[in-house]
Structure formats: C-alpha cells, structure tokens
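The values are calculated or read from the model by the stated rules, or taken from the named source; none is laboratory data. Note that the structure is a prediction, hence the values are computed from the model and not measured. Cβ: placed from backbone, ideal geometry, glycine included. Neighbour counts: every protein chain shown.
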Amino acid sequence: MSTMPAQHGHSEACCNIPPIVSKGYDAKGKYEELGGYKTYVTGPSDTTKGVVTIYDIFGYYPQTLQGADIMATSGETKYKVFIPDWFKGDPAALEWFPPDTEEKQKKLGAFFQKHPPPGVASQTPGYVKALSGKYPEIKEWAILGFCWGGKVVSLAAASPENPFKAGIEAHPAMVDPEDAKKIKIPLALLASKDENPEDVKKFDSNLTGPKYVETFPDQIHGWMAARSELEDQRVKSEYKRGYETVLKFLQQHL
C-alpha cells in the first residue's frame, strides 16, 4: 500500500507535538497499581477521555512512554493514558528480535505461549472497569496497541464485551483479516514495511466501520515503540508523524 496523506476529515492542525527526545527521555507520568497491574499513568486530571495503551512485548521502553506522554497533552483534546504491565515486570528481551537464530525463536515462542493476545484481550473490559472506578470522570475510552498489542486491540475491539469507542493498531503483529469483520468501532491501522501487505489490504477491506489505514513504507515493525531508533532522523520524523496520525484519529472518533 502507498503512503496516504491525512484525509477522511482529519484536521491538519490537530497537534502541537513537542520536540522528540532521541535519547535519555525523562517520562512525565507516574506508576500506579490499577486493576491488579502496575500501570504507567500520564495526562491531565480534568479530561473525560482515556486511552489504554497495550505496549509491545518489550514492555516499558522510553520510546513507548514518550509516545504516551505525546498523546496525553499534544492534541487539541487531552487524554489520560494508561499502560498496564501485563507481563508483571518480565517482558521479552529486545535482543531476541529479529528471531534469526533457533534460540531466539524458541525464546519468543515460549513468550507468546505464556502471553497469548486472547488472554490479555479478555482482561481489558475488567481493567477498564477498574480504571473507571478510580477515574470516574473519564467517560470515553480508546485502545492503542503496538506489535503484539495490535493483535490485542483487534481481539478486544471485536469482542461483545468491548468497552472502547475507538481502536488504533501501530505496526500490528499477527494481522488477520478475519478479525476485521467483527470490529464495529472506528479503527486505525498504521502498518510498517514488515507487515504482510496483502493481509493489511484484506484487513482494510473487511473493516465495516469508520477507518484509517496507512502503510509507512520505509519504517520497521516497531518504529512507534521499543524498536524505534530515534537517533535516526527519518525514523524520528515518522515516529512523530505516526503520533500525529493517532491524535488526528482520536480527535475525530473519541
């Protein structure tokens, strides 16, 4: 798929993203125990809109936390962003990827067996209920997922118990066009060059609700989260544009 400009009613003036910090990012949020999970929380106290972010398999990386801080305060609308630690302090190691040796493949395989996306997706309604108990001022929820977390978004959004008003998948893993048929909420999918283009195209075709699908053709799987090499100026630019795209979509649908 080719790169698409902002369209579908997206406002070009939606965001005021601060300069991206390439190295040594100082996260602006705090950690709270919410719904039984350590959770990174960032954003203003007076917003009525919340975003649950599903990190990639590498957990709390500076690039992921910086992205959450960007989402919280850089758009016309402000959001409270929550990143639960589904892995309870035991994420995958970044050096396992790409899985180009048998040992890496075994480690990744065991990790995915231990943390299958359906298991996490099934916990999201209860988690949002816990968040709403602590933050009753938040009335509307969106979900954003990276890589492994993108699959969680597909499954959570397709569930009859889905508590989210909008969903976003960034460089999602395990793209399955069949999932898209069951998703009724607005959904954005930002693909990298590493996702299967045919799967992305079929997923796009099968979405029946409002949608925004774009491929960032020179970016790797992970460019908006832990694997983002922000010291590379092109990656840094597309990282920023990715979050601008997320904010435009949220502005329209949440």
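With respect to Lys78, is the statement that it is of a type in the set (D, E, K, R) and within 18 Å of the chain's Cα centre (by Cα) true? Judged against the criteria, Lys78 is a match.
Considering each of Asp56, Asp46 in turn, give the residue that is among the charged types (D, E, K, R), crowded, with 17+ Cβ neighbours inside 10 Å, touching a residue at least 40 places away in the same chain (Cβ under 8 Å) and not in a strand (DSSP E or B). Full working, then the answer.
On the way: Asp46 fails: crowded, with 17+ Cβ neighbours inside 10 Å.
Result: Asp56 is the single residue among Asp56, Asp46 that is among the charged types (D, E, K, R), crowded, with 17+ Cβ neighbours inside 10 Å, touching a residue at least 40 places away in the same chain (Cβ under 8 Å) and not in a strand (DSSP E or B).
Among the residues of the range 123-160, what is the count of those that are farther than 30 Å from Lys193 by Cα, out of contact with any Lys or Arg (no Cβ under 8 Å at 6 or more places or on another chain) and not in a loop (DSSP other than H, G, I, E, B)? Residues flagged as farther than 30 Å from Lys193 by Cα, out of contact with any Lys or Arg (no Cβ under 8 Å at 6 or more places or on another chain) and not in a loop (DSSP other than H, G, I, E, B) within the range 123-160 amount to 10.
For residues that are part of a helix (DSSP H, G or I) and among the polar types (S, T, N, Q), scanning just the range 196-249, find the one that is surrounded by the fewest Cβ atoms within 10 Å (Cβ to Cβ).
In the first step, residues of the range 196-249 are kept if they are part of a helix (DSSP H, G or I); the result is 197-206, 233-249.
From the residues that got through so far, the ones that are among the polar types (S, T, N, Q) too are 205-206, 233, 237, 245.
On the way: Ser205: 13, Asn206: 16, Gln233: 9, Ser237: 12, Thr245: 24.
The residue in question is Gln233.
Looking only at the range 59-81, count how many residues are outside any loop (DSSP other than H, G, I, E, B) and under 14 Å from Val120 (Cβ atoms). Here the count works out to 0.
Could you check the range 165-180 and list, in sequence order, the residues that are free of Cβ contacts under 8 Å to residues at least 40 places away in the same chain, small (Gly, Ala, Ser) and assigned to a strand (DSSP E or B)? Walk me through it before giving the result.
Going residue by residue through the range 165-180, those that are free of Cβ contacts under 8 Å to residues at least 40 places away in the same chain are 167, 169, 172, 175-180.
Then drop every residue that is not small (Gly, Ala, Ser), which leaves 167, 180.
Correct list: Gly167 only.
Restricted to the range 181-195, and to residues there that are free of Cβ contacts under 8 Å to residues at least 40 places away in the same chain and buried (at least 21 other Cβ atoms within 10 Å of the Cβ), the residue that is farthest from Phe58 (Cα to Cα) is Ile183.
Could you say whether any residue in the range 83-105 is under 18 Å from Gln251 (Cβ atoms), modelled with pLDDT of 95 or more and surrounded by 20 or more Cβ atoms within 10 Å (Cβ to Cβ)? Show your work before the answer.
Pass one, the range 83-105, residues under 18 Å from Gln251 (Cβ atoms): none.
No, the range 83-105 contains no residue that is under 18 Å from Gln251 (Cβ atoms), modelled with pLDDT of 95 or more and surrounded by 20 or more Cβ atoms within 10 Å (Cβ to Cβ).
Only one of the numbered conditions (1) within 13 Å of Lys151 (Cβ to Cβ); (2) more than 15 Å from the chain's Cα centre (by Cα) is not met by Ala173, and that is (2). Taking (1) assigned to a helix (DSSP H, G or I); (2) in contact (Cβ under 8 Å) with a residue 40 or more places away in the chain; (3) surrounded by fewer than 24 Cβ atoms within 10 Å (Cβ to Cβ) in turn, Gly119 satisfies each apart from (2).
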